[in-house]
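The values are calculated or read from the model by the stated rules, or taken from the named source; none is laboratory data. This structure is a prediction, so every number in the text was calculated from the model and none was measured. Ideal geometry is used to build each Cβ from the backbone, glycine not excepted, and the neighbour counts take in all protein chains shown. Note: areas computed on protein heavy atoms with side chains; ligands, DNA, RNA excluded. Shrake-Rupley method; radii C 1.70, N 1.55, O 1.52, S 1.80 Å.
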Amino acid sequence: MLTFESPQFEDRQWVQPLLEAEGSLCCEFNFANIYLWSRAFPQKIARCGDRLLVRIQGKLGLCCLYPAGNGPLAPAVDALASDAAANGVPLTLVCVTEEQRAALEEACPGRFAFEEDRDGFDYLYDINRLADLPGKKLHAKRNHIHRFDEQFPDWLLEDITPANVPECVELERQWAAIRQEEDGEDGSTVSEETIAVIEALYHMDKLGLEGALIRADGSPIAFSLGGLITPECFDVNFEKSFGDVQGAYPAINREMARLIRARHPQVKWFNREDDMGLEGLRRAKLSYYPDLLLTKYTAKEAGS
């Protein structure tokens with residue numbers, strides 16, 4: 001019988017090698033995301049041989065991630081199915097990539113029905129395009145940054161360190177308050193996203209994260225935070241700025257790409273995660289013309 005537990009910082013020691021063995025570019029196969037979102041969408045983890053099992057209570061009810069790792073796949077799927085049955089639900093796997101779909105079909109032929117999840121597609125970009133913004137398609141981004149340069153000619157880029165984390169937290173709180181006001185929400189509550197951002201900022205080392213902020217007129221005006229999914233793929237977990245500051249978002253996006261390119265020259269891809277089906281977010285991510293839309297599926301046991 002599987003024993004699922006809430007992820008703890010020390011679990012990264014055994015989880016990370018299994019995620020690295022999977023080698024997926026998908027943002028869900030990232031210990032920081034598993035840990036940080038385990039409160040908002042209760043996620044618990046277990047191990048089955050050389051496979052990581054992740055159980056999630058999400059919008060589809062009780063479901064699981066594809067068992068990441070390099071051990072035999074069928075036993076891990078069977079273990080998840082037994083656990084799902086014990087909880088009175090059929091097995092549902094979410095965020096299944098094309099490669100993982102093929103592996104499931106080979107290990108468990110005909111067992112699953114697959115449905116494309118467009119809202120969950122990850123947006124991946126060539127890091128050099130984000131760092132250099134070449135060509136006509138990205139002309140508007142360069143113009144926005146030019147406006148930002150004109151408004152803040154003395155802006156500075158800094159690494160996020162324990163010394164400036166409190167300032168980033170304050171930026172996040174201000175950003176969240178503006179968003180709650182725009183959405184007509186109760187401003188006295190702290191969103192799950194803000195909790196995740198704050199925890200990420202205060203525990204960057206334990207989660208394998210790195211980040212940068214732009215300081216203008218003495219105060220942080222934008223920051224970006226993320227970590228490596230694979231040696232060739234960097235995941236941007238969070239990116240925050242004020243929407244009314246023209247060019248701030250393109251500027252931090254470009255500067256983070258440049259920073260990671262210099263620090264990790266092996267990185268090819270910037271994963272800016274999914275759009276959750278939000279029209280504005282989808283439009284913003286498409287405006288950078290992704291080099292790869294990472295297709296994901298929901299896999300349900302056939303007949304369920």
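For (1) under 23 Å from ALA21 (Cα atoms); (2) at pLDDT below 95; (3) open to solvent by 40 Å² or more (accessible area, probe 1.4 Å); (4) among the small types (Gly, Ala, Ser), each residue gets a yes or a no:
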{"residue": "PRO231", "(1), (2), (3), (4)": "yes, no, yes, no"}
{"residue": "GLY243", "(1), (2), (3), (4)": "no, yes, yes, yes"}
{"residue": "ALA257", "(1), (2), (3), (4)": "no, no, no, yes"}
{"residue": "PHE270", "(1), (2), (3), (4)": "yes, no, no, no"}
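Of the residues that make up the stretch 27-34, is at least one open to solvent by 60 Å² or more (accessible area, probe 1.4 Å) and touching a residue at least 40 places away in the same chain (Cβ under 8 Å)? Within the stretch 27-34, none of the residues are open to solvent by 60 Å² or more (accessible area, probe 1.4 Å) and touching a residue at least 40 places away in the same chain (Cβ under 8 Å). Return yes when ASP235 is under 30 Å from ALA113 (Cα atoms), in a loop (DSSP other than H, G, I, E, B) and open to solvent by less than 10 Å² (accessible area, probe 1.4 Å) and no when it is not. For ASP235, the condition - under 30 Å from ALA113 (Cα atoms), in a loop (DSSP other than H, G, I, E, B) and open to solvent by less than 10 Å² (accessible area, probe 1.4 Å) - is not met. Listed by position, the helices (runs of 4 or more DSSP H) enclosed by the stretch 131-229 that each have at least 3 residues that are within 22 Å of the chain's Cα centre (by Cα) are 165-182, 192-202, 204-207.
Give LEU157, LEU201, LEU130, LEU138 a once-over and let me know the one that is of a type outside the set (Gly, Ala, Ser) and in contact with a Cys (Cβ under 7 Å, 6 or more places away or on another chain). Before you say what the answer is, go through the steps one by one.
Numbers: LEU157 fails: in contact with a Cys (Cβ under 7 Å, 6 or more places away or on another chain); LEU130 fails: in contact with a Cys (Cβ under 7 Å, 6 or more places away or on another chain); LEU138 fails: in contact with a Cys (Cβ under 7 Å, 6 or more places away or on another chain).
LEU201 is the lone residue from the list that is of a type outside the set (Gly, Ala, Ser) and in contact with a Cys (Cβ under 7 Å, 6 or more places away or on another chain).
Specify the residue that is surrounded by the most Cβ atoms within 10 Å (Cβ to Cβ); the eligible residues are those in the stretch 1-25 that are closer than 12 Å to LEU207 by Cα and touching a residue at least 60 places away in the same chain (Cβ under 8 Å). Looking at the filtered set, the residue picked out is ARG12. Filtered by the rule that a residue be in contact (Cβ under 8 Å) with a residue 12 or more places away in the chain and either open to solvent by less than 20 Å² (accessible area, probe 1.4 Å) or touching a strand residue (DSSP E or B) at 6+ places or on another chain (Cβ under 9 Å) (or both), the stretch 72-89 gives PRO72, LEU73, PRO75, ALA76, VAL77, ALA79, LEU80, ALA81, ASP83, ALA84, ASN87, VAL89. None of GLU158, GLU116, GLU150 is closer than 15 Å to TYR297 by Cα and either in contact with a strand residue (DSSP E or B) (Cβ under 9 Å, 6 or more places away or on another chain) or open to solvent by 40 Å² or more (accessible area, probe 1.4 Å) (or both) except GLU116.
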